[in-house]
Amino acid sequence: MEHLASVPAVTPQWGGRRRRATELVERWPFAGEMLRLYAALLDAQARGGAAALDDRPRRERLASYVVERVMPDILQATFAAGPVFPSGGLFHTRRFR
């Protein structure tokens, strides 16, 4: 089977996205919580994208690769920068790595 292409068709502009989120927080403070989460998720996305380019997972294994390699960073960023969930909810009762 084919591997993922070694060069992305479009190079993500992580720095520009991060700057834009910061600008929007200053302009729209009421949206700060979600924009800070968005900025935190950019780091996880960048690491996941770079790892996929290095590891070049096979197409049929891509979904499990993302679950194993990217989701832990996504969850960590969400817990660190995301909104507070009500007690007793899914994120309160389950433990994630």
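Of all residues being among the aliphatic types (A, V, I, L, M) and touching a Phe, Trp or Tyr at 6+ places or on another chain (Cβ under 9 Å) in the range 33-50, which is nearest to R69 (Cα to Cα)? Just the residue, please. The selected residue is A46. For the condition in a helix (DSSP H, G or I) and at pLDDT below 90, G88 does not qualify. The single condition among (1) surrounded by 14 or more Cβ atoms within 10 Å (Cβ to Cβ); (2) within 16 Å of W14 (Cα to Cα); (3) free of Cβ contacts under 8 Å to residues at least 40 places away in the same chain that A50 does not satisfy is (1).
Among the residues of the range 53-85, those identified as aliphatic (A, V, I, L, M), surrounded by 12 or more Cβ atoms within 10 Å (Cβ to Cβ) and closer than 30 Å to A31 by Cβ are V66, V70, M71, I74, L75, A77, A81.
The values are calculated or read from the model by the stated rules, or taken from the named source; none is laboratory data. Remember, predicted model here, so these are calculated numbers, not experimental data. Note that each Cβ is placed from the backbone with ideal geometry, even for glycine, and that neighbours are counted across all protein chains shown.
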